[in-house]
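Have a look at the structure below, then the notes.
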Amino acid sequence: MRWRRIVAVARKEALQVVRDPRSLMIALLLPLMQMFLLGYGVKLDVDRIPLCVVDEDGSQGSRELVERFTSSRYFALRAVDRTVAPAVRHIDLGECRLALVLPPRLAERLAGGGATLQLLVDGTDSNTATIAAGYARNVIDSHATMLQLQALERHGYPTHALRPLDVRPRVWFNEDLESSYFIIPGVVALVMSVIGSQLSSLTIAREWERGTMELLVSTPVTRLELMIGKLAPYFAIGLVDAAICVLVAVGWFGVPFRGALVTLLGTTSLFLSVVLAIGYLVSVSIRSQVGASQVALVLTMLPTTLLSGFTFPIDQMPAVVQGVTTLVSARYYVTILKAIFLKGSSALELALPIACLALYAAVVVALAARAFRKTLD
Amino acid sequence: MSAVSGAAISVDRLGKRFGDFAALTDVSFDVEPGEVMGFLGPNGAGKSTLIRILCGLLRPSGGRARVAGLDVAADPEAVRRRIGYMSQRFSLYDDLSVAENLRFFGRIYGVTARDIGERLRAAVEMADLTGREDVPAGSLAGGWKQRLALGCAILHRPQVLFLDEPTSGVDPSSRRRFWSLIHDLAGQGVSVLVSTHYMDEAEYCMRVAMIAAGRLIALGAPHELKQRSAGGTLLEVACADTAHALEIAATVAGVRDAAVFGNTVHVTATLPQARDAVLAALVTAGLADARVRAIPPSMEDMFVHLVQAARAPAADRSTA
């Protein structure tokens with residue numbers, strides 16, 4: 001292996017990237033676009049649920065209950081009607097997800113032993129519906145408890161003894177349960193895998209497409225020198241992109257960064273090696289730039305989105321699918337990123353996913369180095 | 001032909017098959033140091049396949065080939081360090097400048113940092129590209145592109161140079177200029193194997209190998225081949241009724257072959273007195289306007305004749 005030949009290839013490749021608008025776009029614009037699109041687009045929080053109220057009672061009591069909903073950050077009151085018909089329309093049109101129906105003579109019924117409220121829920125998105133109904137229940141339950149206590153007080157009971165269990169949950173790592181904190185480190189992984197594989201998927205295909213490969217294979221450059229030289233500029237670009245992603249995550253989205261930069265740099269380098277090698281493998285096998293970039297996109301984007309634990313928690317997947325995720329390199333990187341960002345985990349604590357990622361990198365890089373044949377046969 | 005030690009290229013019963021198609025069959029020849037060897041043949045004859053095998057780009061299916069003393073199948077990398085190659089299609093980087101292309105190939109071939117500046121200047125001068133070092137290679141005209149490609153192929157001072165149809169699509173004055181560069185290199189001891197489908201370019205070569213349908217059908221110095229292929233004298237018959245003249249001439253004793261060539265008939269005669277016999281036969285047949293003269297055979301005559309002879313080897317004594 002000659003250092004000089006590697007540098008020659010790397011320099012040539014860098015010049016070509018700088019002069020190729022398509023590569024430049026992928027390298028610099030795409031990561032920013034993806035960070036903002038996905039950072040804002042992928043939200044798992046259920047809050048500000050559009051709500052309408054059918055207040056058939058119209059008493060002070062019913063208004064107190066409605067107030068409880070409007071003061072909660074989980075609900076946004078859109079309309080108050082006197083009859084059910086307009087509320088049904090709101091749900092049909094998708095303006096509201098939830099309709100709370102308060103029956104007439106609510107205060108009277110409460111005094112007489114209890115009232116029944118109706119909750120109409122739009123169940124098209126079952127996940128949101130379940131969460132919304134749960135939130136509504138909590139609001140109503142706490143209101144009911146308050147009413148009970150008030151009633152008891154009026155009858156002279158000491159109310160302080162009536163709270164046998166009091167739960168005070170305290171959330172660690174993501175104190176505000178911001179789903180963006182949990183999503184954005186995953187977005188960084190997604191961006192890195194798409195960018196890395198896209199850039200390297202063009203590199204060999206471009207030589208075939210432009211007819212420069214014939215001369216290149218006639219030179220004494222070895223396939224290892226060729227691979228290292230060709231991927232080196234993309235590795236550098238990948239690290240710059242990683243820096244951009246982290247800056248946007250921390251600076252714009254306010255995601256806390258609690259770990260060590262060195263750990264981030266090391267693991268990002270490992271992951272970059274994996275995705276660059278995957279793109280290179282694709283580029284060697286498919287001799288057209290468009291074809292190679294599409295295959296590379298499918299090979300990296302899909303598993304990273306679906307099977308890395310980026311959006312869907314792995315431990316809730318069926319056992320077979322969980323098995324499949326062990327073959328997805330992004331799975332380890334997503335785990336590592338979330339831990340570095342939110343938990344401030346050290347490299348030692350992350351030894352297992354780091355080892356898996358390192359093994360993965362070793363295998364894919366070895367395959368990529370051997371894939372290219374210096375013949376035209 | 002066996003591998004002679006000291007030969008720059010030594011090819012022994014080389015064959016290449018692509019599936020059922022025999023691209024090359026039983027090709028043998030040697031090229032000496034400092035020799036310019038031309039490969040002549042129509043498109044698809046196997047010239048590019050042969051050059052690619054010698055450059056280690058294709059693996060031979062049979063036989064042996066040594067370049068610069070090294071077996072191309074056994075040690076292609078060592079061969080690659082000692083050769084320069086110019087492929088049929090322009091295959092430098094269009095988006096890199098003249099100087100960037102030269103520097104890239106120089107480094108890839110291991111030209112040291114100390115030498116590269118001087119070699120680059122020499123190559124730019126040779127290619128007549130002084131002042132255009134920063135122009136993108138893709139925007140150069142044909143003749144300059146081709147000389148730049150030659151420059152890239154010789155920066156590392158290779159012992160052997162393979163040029164695959166380097167002059168196709170280049171204007172005649174650039175072609176002449178290119179050939180003089182090739183002879184300069186040969187003068188410095190470089191062996192050059194150059195393929196072409198321009199018959200007239202064979203005259204620039206010290207020796208010519210004719211290749212058709214994957215077989216070597218003739219090998220020798222251009223003047224030698226012409227004489228040999230004529231197998232005697234080539235006569236040109238000019239008259240109004242060429243079809244009739246062809247018929248008559250073919251029946252004359254001592255005539256081996258007759259073919260229409262443009263608006264004349266070319267007659268190959270084995271006997272020196274055939275000229276008079278042909279003229280007499282034509283006049284007797286009523287073709288009073290017929291004129292017959294001996295002409296030197298062109299490369300094209302030679303090639304047509306050799307291909308015919310190769311198809312019927314038993315009937316011919318002149319093939320190599």
Of (1) buried (at least 16 other Cβ atoms within 10 Å of the Cβ); (2) assigned to a helix (DSSP H, G or I), A:Val320 satisfies all except one. Which?
(1)
Inspect all residues belonging to the stretch A:101-109 and state whether any of them is under 30 Å from A:Val248 (Cα atoms), in contact (Cβ under 8 Å) with a residue 12 or more places away in the chain and not in a strand (DSSP E or B).
no
Going through (1) within 14 Å of chain A (Cβ to nearest Cβ); (2) within 24 Å of B:Thr196 (Cβ to Cβ); (3) among the small types (Gly, Ala, Ser) one by one, B:Ala113 fails only at (2)
Filtered residue count, the stretch B:109-145, keeping only those that are closer than 22 Å to B:Ser87 by Cβ and either in contact (Cβ under 8 Å) with a residue 60 or more places away in the chain or among the polar types (S, T, N, Q) (or both)
1
Among (1) within 14 Å of another protein chain (Cβ to nearest Cβ); (2) more than 21 Å from A:Thr219 (Cα to Cα); (3) assigned to a loop (DSSP other than H, G, I, E, B), where does B:Leu57 come up short?
(2)
Can you find a residue in the stretch A:348-359 that is in a helix (DSSP H, G or I), in contact (Cβ under 8 Å) with a residue 12 or more places away in the chain, under 26 Å from A:Val42 (Cα atoms) and under 16 Å from the mean Cα position of the chain (by Cα)?
no
Could you please let me know if B:Ala123 is of a type in the set (A, V, I, L, M), crowded, with 20+ Cβ neighbours inside 10 Å, more than 14 Å from chain A (Cβ to nearest Cβ) and closer than 20 Å to A:Ser218 by Cα?
yes
Looking only at residues in the stretch B:78-101 that are assigned to a helix (DSSP H, G or I) and within 22 Å of B:Ala141 (Cβ to Cβ), which one is farthest from the other protein chains (Cβ to nearest Cβ)?
B:Val98
Might you check whether a residue that is within 14 Å of chain B (Cβ to nearest Cβ), surrounded by 15 or more Cβ atoms within 10 Å (Cβ to Cβ) and at pLDDT below 90 occurs anywhere in the stretch A:25-40?
no
Being part of a helix (DSSP H, G or I) and at pLDDT 85 or above narrows it down to one of B:Leu279, B:Leu287, so name that one.
B:Leu279
Scanning the stretch B:83-108 residue by residue, the ones that are within 14 Å of B:Leu57 (Cα to Cα) and not polar (S, T, N, Q) total 4
If you go through A:Ala296, A:Ala249, the only one that is more than 14 Å from every other protein chain (Cβ to nearest Cβ), in contact with a Gly (Cβ under 9 Å, 6 or more places away or on another chain) and more than 26 Å from A:Leu327 (Cα to Cα) is A:Ala249
Count - residues of the stretch A:48-60 that are in contact with a strand residue (DSSP E or B) (Cβ under 9 Å, 6 or more places away or on another chain) and either among the basic types (Lys, Arg) or outside any loop (DSSP other than H, G, I, E, B) (or both)
8
What's the number of the condition A:Tyr40 fails, among (1) in contact (Cβ under 8 Å) with a residue 40 or more places away in the chain; (2) among the aromatic types (Phe, Trp, Tyr); (3) within 25 Å of A:Val191 (Cβ to Cβ)?
(1)
Could we say that A:Arg97 is touching a residue at least 12 places away in the same chain (Cβ under 8 Å), outside the structural domain of A:Thr311 (by TED's automatic domain parsing) and either surrounded by 11 or more Cβ atoms within 10 Å (Cβ to Cβ) or polar (S, T, N, Q) (or both) here?
yes
Considering only the stretch A:204-215, I want to know if a residue exists there that is closer than 30 Å to B:Phe105 by Cα, within 14 Å of chain B (Cβ to nearest Cβ), hydrophobic (A, V, I, L, M, F, W, C) and over 40 Å from the mean Cα position of the chain (by Cα).
yes
Can you tell which of B:Ala74, B:Ala65 is buried (at least 22 other Cβ atoms within 10 Å of the Cβ) and not β-branched (Val, Ile, Thr)?
B:Ala65
Search the stretch A:67-79 for residues that are over 9 Å from A:Asp47 (Cβ atoms) and in a helix (DSSP H, G or I) and pair each with any residue that is modelled with pLDDT under 90 and among the polar types (S, T, N, Q) when their beta-carbon atoms are under 8 Å apart and the residues are at least 6 apart or on different chains.
A:Arg68/A:Ser142
Kindly establish whether A:Ser273 is surrounded by 17 or more Cβ atoms within 10 Å (Cβ to Cβ) and farther than 23 Å from A:Gly39 by Cβ.
yes
So, in the stretch A:260-313, how many residues would count as being in contact (Cβ under 8 Å) with a residue 24 or more places away in the chain, assigned to a helix (DSSP H, G or I) and not aliphatic (A, V, I, L, M)?
18
Which of the strands (runs of 3 or more DSSP E) found entirely inside the stretch B:183-274 contain at least 2 residues meeting this: surrounded by fewer than 22 Cβ atoms within 10 Å (Cβ to Cβ) and touching a residue at least 40 places away in the same chain (Cβ under 8 Å)?
B:207-212, B:215-220, B:233-238, B:255-261
Candidates B:Asp164, B:Asp134, filtered to the one that is loosely packed, with under 14 Cβ neighbours inside 10 Å, touching a helix residue (DSSP H, G or I) at 6+ places or on another chain (Cβ under 8 Å) and within 14 Å of chain A (Cβ to nearest Cβ)
B:Asp134
Looking at the stretch A:1-24, which of its residues are facing chain B (nearest Cβ under 10 Å) and of a type in the set (S, T, N, Q)?
A:Gln16
Return yes when B:Ala74 is more than 13 Å from chain A (Cβ to nearest Cβ), assigned to a loop (DSSP other than H, G, I, E, B) and not polar (S, T, N, Q) and no when it is not.
yes
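The values are calculated or read from the model by the stated rules, or taken from the named source; none is laboratory data. Note that the structure is a prediction, hence the values are computed from the model and not measured. Note that each Cβ is placed from the backbone with ideal geometry, even for glycine, and that neighbours are counted across all protein chains shown.
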